[in-house]
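Quick note: the coordinates plus some simple rules give every number you see, no bench work behind them. All values reported here derive from a predicted model rather than from experimental measurement. With ideal geometry, Cβ positions are generated from the backbone for all residues, glycine too; neighbour counts draw on all protein chains shown.
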Amino acid sequence: MTEYTQIKLSLEKAEDLAFDLFNIEGKAIALAGELDFNFKIIHKHGQCFVLKVSRPNVNVAYLEFQQKLLQHIEAQHTDIVSPEVILDTHGKTISSVVDEQGYHRKVRLLTWIPGRIWSSVNPHLDGLRTSLGEECGKLTTALLGFEHPMASREFDWDIAQSFWTKKHVHLFEADKREIITYFLNEFESILEGYSQLRKSVVHNDANDNNVIVSESPIHPRVIAAIDYGDAIHTQIINDLAITCAYGIMHQNDPLQAALSIVNGYHNSFPLQEEELKYLYWAVAMRLVISVTKSKLNKIKEPDNDYLLISEKPAWELLEKWRNLSPDFAEYSFRNICGFSAHPKEHKFKEWAKNSNFTLPNLFPSIDTNSVYCLDLSVSSPWIGHQSEFNDLDLFQFKIGQLQKKHPSKIIAGGYLEPRSLYTSSAYDKIGNYGKESRTVHLGIDYWLPANTPVHAFLEGEVVIATNDVGDKEYGGLVVLKHKSNDLVFYTLYGHLSVASATAHKIGDKLKANEHIGVLGHYPENGNWAPHLHFQVLLSLLDYADDFPGVTYNAQKEVWKSICPNPNLLFKSKGLNTTSYQTNNELVAFRKKHLGRSLSLQYKEPIKMVRGDGPYLIDQFGRRYLDTVNNVAHVGHEHPRVVKAGQQQMALLNTNSRYLHENINALAQELLDTLPKELSVLHFVNSGSEANELAIRMVKAVTGERDIIASEVGYHGNTNMCIDISSYKFDGKGGQGAPDHTHIFPLPDAFRGKYRGENTGLLYAREVQKQIDEVHKKGRGVGALIVEPIISCGGQIELPKGFLKQAYQNIRRAGGLCISDEVQVGCGRMGKTFWGFQLHNVIPDIVTVGKPLGNGHPLAAVACTPEVAEKFANGMEYFNTFGGNPVSCAIGTEVLRVVKEEGLQRNALEVGNYLKTELKGLATKFPILGDVRGEGLFLGIELVDATLKPLAAQTDYLANRMKDYGILMSTDGPYHNVLKIKPPLVFTKGNATELLYYLEKILKEDFMKI
């Protein structure tokens, strides 16, 4: 039996102490603690307290220090929440007892602070971390001026006293020993400066079990820090370092996570620039102390799990921290606190302002300082489709043509430009919010012919000279170091020839105007059209033989300080960085000038500027996996579809009154997918127009106006379509069903009027009831219109046998059957090309919209010859744009791509995989009440144990998935269904990514919303 087990207190003993010493009768619950034995005491009247019982023979002065510190905070009368000291029955702050084993114990009672401990909260987002920093900064402010002899005690957990860990380095295996030794040596080398930093008594232990968070699952905030046992007089920056060390555990990008904490702390307690130099090292040393303590505690008290609780995450963080550049960390901390990220940025700008360099200093064979600014940003129309900017020959040709238009100028640009040109995933990383790609360009590109000489504009020393043959980022690369008085900076020359780089050795001195090299040919220059990538660097960071020319958007503000605008040197007009309207400005304009009913997706809207397969791309180059845009049926901006539209638009676009092959070609492609009974087509511009036309056909054929439709059905936004769309007229702003519209209950076997298997015929009877209602009014039935899977109803699969029987009922009453395939058609079902084919029926009319044009306004109505004949009653149907050559070229290509690229099979295979895995998730998370749909048209309904719809939780999931770069949307009458209807190029890998983040978020604390 260990000493820890011998001195541990029982719950019964804790309850006795609370009553005997403080007259508090209550139930005890054990809490974690390193030195004290802590208990939550729940008073019989509901009030809660913390009982703290010391280990035997504790230093009383140490306990008095803690009590006085708490009383000091209370006396400040601030908004800080901290435990309050409860006096015992004798008016003392500390009680003394002797236990049954003769041990002398000290007992204290504090008020309980309600909430959740940090370690139990999921997720830890930036807002929560900011509030953590803010509360800890407030506490630092409150403790300024507090003094006590015990505040200056020897203490292992004080970062300033951390060198005691040196004697235990030998306990660690080699890889871990290297990390600890590195940080110990580096910290010792900066000790002189560190020792001069501001000092005060600080909390010193805002770990994940000492931080209290509000109960709110949405936008939770840190309420308080508890347990002041580690408070110490030390460097103030140590307190922030400790807060960061525990607040950023379990994060893929700990530095990015730390910035929120630093920002919050600085807002409450302004930090000094000098202090930020040491924050990175102080975080590391706290982690060194933590892992060393854990190693020793394994030996000393193996039964005390609390002492080992942070060991694994501390090591994970320490290893990630070791891989960071200390300088970059400092610059990031400076930037988030409102200082210039690089300390010498302003000095360089002032020096550059007074310089008189021009581009001929860089390119002596080009006698001009005039430039033409080329926009290669994500949203630039000049770069064209992805297939174009990946075609280097075409790219070079376009550069050449542009140069011919502007012969007296150098084509240049790109500083801080977010680009989608970088298609390599070599530098992608998984950050705290999903995948991140390097997109922001840090230099200026000068597009000039191969072999153009490049000279040093200023005397410099070669510090990097390499042929970048590995990842081909730069080709030939040279970096020069420059000195001007006490200013040191570097210039980078990328995409040179191989010979240019190999001609230099590290340490070579180049004079001003001396030859550096020449621009390289493709592909030796890094697989680019010939140009110079020119970049200014104020620091090399930890790079020895390379340097990034592109960075992540989240780090842009830091990098633009490290790499200031190169045009500060040459002052070429027209090379100012491109400015874009912010999202807030775009939203403000919409609110003022666009109809209020035009809604935006997500609580924080996204600006999309480019598409690529299953992805949408924002103005910063972030790629969002799109799970909802079935409009882009064969993928966003599919190259074959784009080309088909471009080519035809360049020739002719007119109406269908002229003969043209395209309308016939589209008709044939479409007819090849349909049953032979549906052999006549009409082309229109949208699904709404298609359904509008279908209803006109019904009236012309049957002479009747009464339409039967599903509850929560949606068929378009025209007047006639709204009149048959329960989703609209039964929703907000609607006025109920018009007289000629008859609604049967949503055929939902999960939560509908009839539930479970074998409900198809029961719902078909509901259709018959509506037929009977029409007949009671002395009128006939015009048609039944229904989607094979009801989309806005929440991706509702029609029960087996329902559609076949419903069609029979309608036809027996003299009506027509319309299958609305706007959402589900064109191969999306996987098993079948059309949704109605799932039910072994043939409708009289089929409408198709969104999928057919892949985002281009194109739709169609297919019908039987009998319907078409009766519709052609003398009143001409003409649609100005319906069936135009451009639309038909696009639609034809869409259908051919579906067939030739096997996208229907892909929908089947990926859809089956996704549906199976989602059903597996539903067994882990009962909130996923139902998973349904076919192919790549799926729905997930969120309900509680009583099947009550959970709209708020569904909305939370959709918005949180967006945070990770995955676009999802909600649907259903109660907005509690996540719908999945991505482009048909959606892969199994895409599905796996979706599942990973969905499961991650399902583990979060959102059920209490």
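Quick one: which residues, 5+ away or cross-chain, put their amide H under 5 Å from the amide H of Leu448? H built at 1.01 Å from N.
Answer set, sorted by chain and number: His531, Leu532.
How much of the pair distance distribution for region 3-111 lies past 17 Å, counting alpha-carbon pairs only, in percent?
53 percent
Could you derive backbone 3J(HN,Hα) for region 311-322 from the dihedral phi with the Karplus parameters 6.51, -1.76 and 1.60 (θ = phi - 60°), listing whole Hz in sequence and x where the residue is Gly or Pro?
For region 311-322, the Karplus curve yields 4, 5, x, 5, 5, 4, 5, 4, 5, 5, 4, 5 Hz.
For Thr78 and Glu173 in one chain, what is 0.36 nm times their gap in residues minus the Cα-Cα distance, to one decimal in nm?
29.4 nm
For labels at Thr992 and Glu773 in the simple 7 Å Cα→Cβ model, what's the distance in nm?
About 5.0 nm separates the two model spin labels.
Determine the gain in length on full extension of the stretch Ser484-Lys699; use 0.36 nm per residue of separation and subtract their C-alpha separation, reporting nm with one decimal.
The span from Ser484 to Lys699 would gain 68.8 nm if fully extended.
Per q in 0.16 1/Å, what log10 I(q)/I(0) does a Debye calculation on the alpha-carbon atoms of region 675-879 return?
Debye intensities relative to I(0), on a log10 scale: -1.02.
In nm, give the distance between the simple-model label positions of Asn323 and Phe925, each being 7 Å from the Cα along the Cα-to-Cβ direction.
2.7 nm
Under a 5 Å amide H to amide H cut-off, with H placed in plane at 1.01 Å, what residues pair with Ser325 once short-range neighbours are removed?
Placed amide hydrogens put nothing under 5 Å from Ser325.
Return Asp626, Asp79, Asp508 ranked ascending by Cβ neighbour count within 10 Å, so the fewest neighbours appear first.
Asp79, Asp508, Asp626
Calculated FRET efficiency, Arg811 and Asn122, Cβ-Cβ r, R0 51 Å, to nearest 0.05?
For Arg811 and Asn122, the calculated efficiency is 0.40.
Could you run the Karplus curve 6.51 cos²θ - 1.76 cosθ + 1.60 with θ = phi - 60° over region 959-973 and give me ³J(HN,Hα) per residue in whole Hz, x for Gly and Pro?
Coupling constants for region 959-973: 6, 6, 4, 4, 4, 8, x, 10, 8, 10, 8, 10, 7, x, x Hz.
Once you have the Cα-Cα distance between Thr368 and Ser679, take 0.36 nm times their residue separation minus that, and quote the gain in nm to one decimal.
105.3 nm
How large is the Rg to Rh ratio of region 621-660 when both quantities use alpha carbon positions and Rh follows Kirkwood?
The Rg/Rh ratio comes out at 1.15.
Semi-axes of the equivalent ellipsoid of region 116-336: what are they in whole Å, largest first, if each equals the square root of 5 times a C-alpha gyration tensor eigenvalue?
Equivalent-ellipsoid dimensions as semi-axes: 24, 20, 19 Å.
For region 903-1002, evaluate the Debye formula with one uniform point scatterer on each Cα (no solvent term) and list log10 I(q)/I(0) at q = 0.18, 0.21 Å⁻¹, rounded to two decimals.
Computed log10 I(q)/I(0) values: -0.79, -1.08.
Got a sec? Which residues in region 193-218 would a label at Val58 touch, if it sits 7 Å along Cα→Cβ and we count backbone N under 19 Å?
202-207, 209-211
Check region 1-95 and count each lysine pair with an alpha-carbon distance under 13 angstrom, considering only pairs eight or more places apart or from different chains.
Step by step, the pairs that qualify in region 1-95 add up to 8.
Read phi for every residue in region 115-129 and hand back ³J(HN,Hα) as whole Hz from Karplus 6.51 cos²θ - 1.76 cosθ + 1.60, θ = phi - 60°, with x for Gly and Pro.
Once rounded to whole Hz, the list reads x, 10, 6, 3, 5, 8, 8, 8, x, 9, 9, 4, x, 5, 5.
For the chain, what does -39500 (n - 2.57) per DSSP helix run (n ≥ 4), summed and divided by total residues, give at 222 nm, in deg cm²/dmol to the nearest 500?
Helices in the chain give a 222 nm mean residue ellipticity of -11000 deg cm²/dmol.
Can you list the residues, at least 5 places off or on another chain, whose amide H is less than 5 Å from the amide H of Glu417, using H built in the peptide plane?
Counting only residues 5 or more places away or on other chains, the set is His441.
Give me the angle, in degrees from 0 to 90, between the Cα long axis of helix 392-405 and the longest principal axis of the Cα atoms of the chain, rounded to the nearest 10.
Roughly 90 degrees between the two axes.
Highest mean first, how do 19-32, 526-539, 786-799 rank when packing is the count of other Cβ atoms within 10 Å averaged over residues?
Per-residue Cβ counts within 10 Å, averaged per peptide and sorted highest first, yield 786-799, 526-539, 19-32.
Once label points are set 7 Å from the Cα along Cα→Cβ at both Tyr602 and Leu296, what is their separation, rounded to one decimal in nm?
Label at Tyr602, label at Leu296, 4.8 nm between them.
What pairs from Lys850/Lys988; Lys404/Lys571; Lys607/Lys732; Lys320/Lys349; Lys511/Lys560; Lys676/Lys899 go past 22 Å between their alpha carbons?
Lys850/Lys988; Lys404/Lys571; Lys607/Lys732; Lys320/Lys349; Lys511/Lys560
Going 7 Å from the Cα of Gln272 along its beta-carbon direction, which residues of region 224-247 have the amide nitrogen within less than 16 Å of the resulting point?
234-240
Å³ per residue of the Cα convex hull, for region 668-795?
136 Å³
Rg and Dmax of the chain, using alpha carbons, in Å: what are they?
35.1, 109
What's the center-to-center distance, using Cα atoms, between region 108-173 and region 954-983 in Å?
What the calculation gives is 39 Å, centre to centre.
Over region 346-570, what portion of Cα pair distances is larger than 24 Å, expressed as a whole percent?
41 percent
Count charges around Pro220 for me, please; just the other residues with Cβ under 15 Å from its Cβ, Lys/Arg as +1, Asp/Glu as -1.
Overall, the nearby charge balance is -2.
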